[in-house]
Amino acid sequence: MYAKTTVVAFQLVLIFCFSHSSPLPVLDSHSSICSHQFTADLSMQSSAWKVLLESGRFSPVKDNTNHHMKRLRHKLAELVAIIDFHKEKYAQDVFGDSFTQLDKELGDLHYKEIVPLDSQMYISENSNVDDQIDQVSSESHFLEAYSIFQRLSLSMEVVVTDLQHHQHSTNRMWRASTRTVSNILRSIYTELVMKGIDIPAALTRDVIPQGMRCLPFSAYRDTRDFIILRHLMQAAQFYSQLLHLA
C-alpha cells in the first residue's frame, strides 16, 4: 500500500515537472549524495562507447556480408525477451504494482533527451506496412537508431551506477539489458560502415541532463528508471519489428 501511494504521489509531481519543462528537484553535482555519478571513470566528456571506438579494439570493415544484420535482428529480439521476462517481477518488487498499471499511470512521462518527440519511432506508428519496409534501408533510420541506442546506453549507465551506489547491487534485468544494448550498438555501427554512411562522433555522458542523473530520493530514481525501461522496450520492439519486415 505504501509503495502504491508513493508512486501516485510522485507521479503527480513528475507530471507537473515534465509538463512545465522544469527539472525535478536535483542535487548539485558536487553533492556527496550524487558524487558517484561524476567520478574520473565517468567523465562527462566521454562514454564507454567512445572509449571503445577510440581504442581501436572495435573497427569493422566492409565485407559485403549480411551476418551483422542477422546478429542485429537476434540481439533486438533478445532485448525484447529480456524485458518481457523480467518486467513484471521488477514492477512488483520496486513499485508493488503491475507493469501494465504503472505504464498506464506514467504514460504521459517521456525523456526527450533519450527519444526525441519527433523520432521516427513515433512517426512510424501511423505509417502503413509498405512505408515501413521502405524505411528499413533508410539511412536516417539507422542513424537515428545509432543515436537512440547510445542515449539508452548512457541512461542505463546512470541507473546501474545509482543502484550499485545506493543498493550495492544491480537487478539482473539491468545487467542483461546493458550487455545486450552494447552488442546492438556494435551491430548498428557495423551496418553504418557496410552502407558507407558517414558516422557522427560518439555521444558523451553530458547528453544526459543533471535532472536525470542526480535525483535526491529513491522514489524519484525508481520512477526515472521505469521511464528509461519503457523507452528501452519501445526502441527494442520498434527496431525489431522494422528489421523483420525486410
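Worth a mention:
- FRET E, pair ASP118, HIS168, Förster distance 41 Å, beta-carbon r, rounded to 0.05: 0.55
- To put it simply, the accessible area of the range 81-228 at a 1.4 Å probe is 47 percent carbon and sulfur.
- Amide H to amide H, with H built 1.01 Å from N, SER46 comes under 5 Å of ARG205, ASP206, counting only residues 5 or more places away or on other chains.
- A simple spin-label model places pseudo-atoms 7 Å from Cα toward Cβ; at ILE33 and HIS110 they are separated by 3.0 nm.
- Highest average packing first - 229-236, 218-225, 115-122, Cβ atoms within 10 Å: 229-236, 218-225, 115-122
- Charges were assigned to the Cβ only: +1 to each Lys and Arg, -1 to each Asp and Glu. The resulting dipole of the range 175-246 about its Cα centre is roughly 220 debye.
- Rolling a 1.4 Å probe across all protein chains gives GLU139 an accessible area of roughly 100 Å².
- Cα-centre dipole for the range 137-218 with unit charges at Cβ (Lys and Arg positive, Asp and Glu negative), debye to 20: 340 debye
- Rounded accessible area per residue of the range 69-111, 1.4 Å, Å²: 53 Å²
- Between PHE85 and LEU53, the simple label model (points 7 Å from Cα in the Cβ direction) yields a spacing of 3.1 nm.
- If you wrap the tightest convex hull around every Cα atom of the range 147-244 and split its volume per residue, you get 98 Å³.
- Rg/Rh (Cα only; Kirkwood hydrodynamic radius) as it applies to the range 43-91: 1.15
The values are calculated or read from the model by the stated rules, or taken from the named source; none is laboratory data. Since we're looking at a predicted model, the values are computed, not measured. Virtual Cβ from ideal backbone geometry, glycine too; neighbours counted across all protein chains shown. These area figures cover heavy atoms from the full protein model, side chains too; ligands, DNA and RNA do not enter into them. Shrake-Rupley method; radii C 1.70, N 1.55, O 1.52, S 1.80 Å.
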